[in-house]
Every structure is written in structure tokens, then in C-alpha cells.
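Taking it in order: structure first as C-alpha cells, then the write-up.
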Amino acid sequence: PVGSVVSATYPALMGETLAVYLTGLGTVSPAIADGAPGPSSTLSNATNTITLDFNGTAATTSFAGLAPTYSGLYQVNVTVPAGLTTGGNYLGISGPDSYMSYLLVPVAAAPASSAATANVRAPADTTPPPAKFRRPVKGSPSLRGGK
């Protein structure tokens, strides 16, 4: 379900966009004052290149920057790539001087049933569908060694 937490019960689907929340991505543009919340109208993007992968398979990121309305919290929007093994996949995050991979994300294949495709827009509708953002939660079994 849209807005739900990724878990073994509700795994991330291949092709779905997830919101990953983290700290330490560095400077942003446009810059904001220390301790100020991330802006929600003109987003503050990370100036460093941030890449993500699932078990080494590159993933597409559509945003990396300050999480809107939160102080000191960053958000990366990432699309789960196709072709992953279903079940637990490690999410790797790489910046200019570090790499970490300790978050285990449950992943499932996108269903091909008619119920799953019922929300697909008609070809005449050129408006992009809303992004579906989900996140792992602190204390979830999907976090390995999480704090």
C-alpha cells in the first residue's frame, strides 16, 4: 500500500519508488541555515553524487537531498530495479568518500494481475502517476543491526 512501511508483510516491489531517510549526505543546494528544516517548495539537493544499489544492482535515484520540513534529515528516492532476487536484498548507499550496505530490504516481484494494473492510467492521460514512497522503519525486522 502507498505510504506503508517496507516489511516482510509488505515488501518493496520491483519498479516501485522508495523513500530512504538517512543522515550525513553533506552540503545541499540551495543552502539553508544550520538546524533549519528542509524546504518543501524549492527542494535542497545534495551537492555530492549519491548512488544506491540493491545487492550490487544499480538503482535509479530521482532525488537526494534534505527531507522537506525535517531538520538534519536527508531523503533519497530510489526505484527498486527489476531482476532482483525476491526476498532480502541489501541496500547499498555510496557517497564521495564512503559506502555502506547494512539495510536488508524485503523485495517482491511486481504482480502482473489485473488487480495490480487497475491503477495504470489510460494512454490518453499524460499526467505521470504519483510516486509511491515507502520506507523501512526503525526496529523493523528488515533492519540488520539498525539503531
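Between the amide H of residue 70 and those of 38, distances stay under 5 Å, these residues lying 5 or more places away or on another chain, with hydrogens modeled in the peptide plane.
Of the solvent-accessible surface of segment 1-95, computed with a 1.4 Å probe and all protein chains present, 54% belongs to carbon and sulfur. Close amide-amide hydrogen proximity is noted between residue 88 and 107, each under 5 Å apart and 5 or more residues distant or on a separate chain (H modeled in the peptide plane; Pro and chain starts excluded). The slack between residue 69 and residue 22, meaning 0.36 nm per residue of separation minus the straight C-alpha distance, is 15.5 nm. Sparse packing (at most 16 other Cβ atoms within 10 Å of the Cβ) combined with a DSSP loop state is found for the following chymotrypsin sites (Phe, Trp or Tyr not before Pro) in segment 1-104: 70. Computed 3J(HN,Hα) for segment 39-49, one whole-Hz value per residue from the Karplus formula 6.51 cos²θ - 1.76 cosθ + 1.60 where θ = phi - 60°, is x, 9, 8, 9, 5, 8, 8, 5, 7, 7, 6, glycine and proline marked x.
Each Cα pair of segment 18-71 feeds into the Kirkwood radius, which the Stokes-Einstein equation turns, at 20 °C and 1.002 mPa s, into a diffusion coefficient of 179 µm²/s.
The values are calculated or read from the model by the stated rules, or taken from the named source; none is laboratory data. Remember, predicted model here, so these are calculated numbers, not experimental data. Virtual Cβ from ideal backbone geometry, glycine too; neighbours counted across all protein chains shown. Please note that ligands, DNA and RNA were not included when accessible areas were found on the heavy atoms of the full protein model with its side chains. Shrake-Rupley method; radii C 1.70, N 1.55, O 1.52, S 1.80 Å.
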